[in-house]
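The values are calculated or read from the model by the stated rules, or taken from the named source; none is laboratory data. All values derive from a computational prediction rather than experimental measurement. Here the Cβ is made from the backbone with ideal geometry for all residues, glycine too, and neighbour counts use every protein chain on show. Note: accessible area is taken over every heavy atom of the protein model, side chains too, but ligands, DNA and RNA are not part of it. Shrake-Rupley method; radii C 1.70, N 1.55, O 1.52, S 1.80 Å.
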Amino acid sequence: MVFSFAAFAAVAALAVAQVAAAAVGGTAVGFEFELTPEAVFERARLAGLKTEEEGKEKDARRKAVFLGAMPGVPQAGGEMRTRVSFFKGRVDGVTLLVGGADREDALVLQEFIERKYGKPDAEKTVFSYTVKSWNEDDSKVVLSHSDGNVLTLAHTHTGLRKKRREREIKRDKIKDKRHPVQRMIDGDYSKPDYIE
C-alpha cells in the first residue's frame, strides 16, 4: 500500500483542524471540561504542544503543563504555557500563562474572550494589576495582567472546583485533632464546609 505525501498532509491538516475546533469550543483556552488526562495529552500531542510537566499533586489532583497554546487561541508576544488541572481524573481548569506580556497582548486575549463571552462581568485594577472576569453558568473566566509580568487567562469549572474545595476542607477537619474549645479559641470551629 502506497501513501502519498499530499494524502498524509491532508489527513494531518484535518486532524489539526478538528483538534482546534474542539479545543476552542470547550474552554476559553482549549480542552473541554471533564476530559480525561489521556484525552488531554493526545489532543496536546496532535496540536503540536510539548509536554513540560506531568505531575501529580495531593488530594487526587493532577496537573499538566504544555509549552505553547492550543490552535485557535491568539498567540501573544511572550513565552506561552498552557496548564491543565485535573480533579478525580477530569479537567477542572485550564490556564494560559504568558511570560513578559504587555498591554497589547492583554488586549488581544481580551478581544478573543469578549467575542466568545461578551463584556466582562467584573473589572478591577489594583496597583499595576488589572483583573477582568466573566461568569458563565458553570464556569468562570479570569484574565489578569500587569505590564512586563505574567499574563494569566484562567477558565475554571466552578462545580468541580467547589467539590474539590469541599473535599479539602473535610480532610482538614478530619486531620484537625485539636480540642473543640481550642478550635473555638482559634476562630475556625464553625468554619463552613465550603468557602467561596
- Item | Segment Ala39-Ser133, extension gain: residue separation times 0.36 nm, minus the distance between their alpha carbons | 31.1 nm
- Query: Which peptide among 28-34, 181-187, 44-50 comes first, and what is the full order, when sorted by highest mean count of other Cβ atoms within 10 Å?
  - Reply: 28-34, 44-50, 181-187
- Which order do peptides 124-130, 156-162 fall in by mean Cβ count within 10 Å, highest first? 156-162, 124-130
- Using only the Cα atoms of segment 63-118, each taken as one equal point scatterer with no solvent, compute I(q) by the Debye sum, divide by I(0), and report log10 of the ratio at q = 0.14, 0.29, 0.30 Å⁻¹. -0.42, -1.16, -1.18
- Query: Under a plain spin-label model, where a point goes 7 Å from the Cα along Cα-to-Cβ, how far apart in nm are Thr125 and Lys162?
  - Reply: 3.3 nm
- Message: Sort 165-172, 92-99 by the packing proxy (mean of other Cβ within 10 Å over each peptide's residues), most packed first.
- Response: 92-99, 165-172
- FRET efficiency, Ile169 to Gln75 (Cβ-Cβ, R0 25 Å, nearest 0.05): 0.05
- Share of carbon and sulfur in the accessible heavy-atom surface of segment 31-187 [1.4 Å probe, %]: 50 percent
- Reciprocal of mean inverse Cα separation for segment 55-173 (Kirkwood radius, Å): 15.2 Å
- Item | Two-site FRET efficiency, Asn149 against Arg178, from Cβ-Cβ distance with R₀ of 30 Å, rounded to 0.05 | 0.15
- Task: Take every Cα pair under 8 Å in segment 127-170 that's 6+ residues apart, average their separations, divide by the length, and report that relative contact order as a whole percent.
- Result: 29 percent
- Please work out the Kirkwood hydrodynamic radius for segment 119-165, using every pair of different C-alpha atoms, and report it in angstroms with one decimal place. 11.5 Å
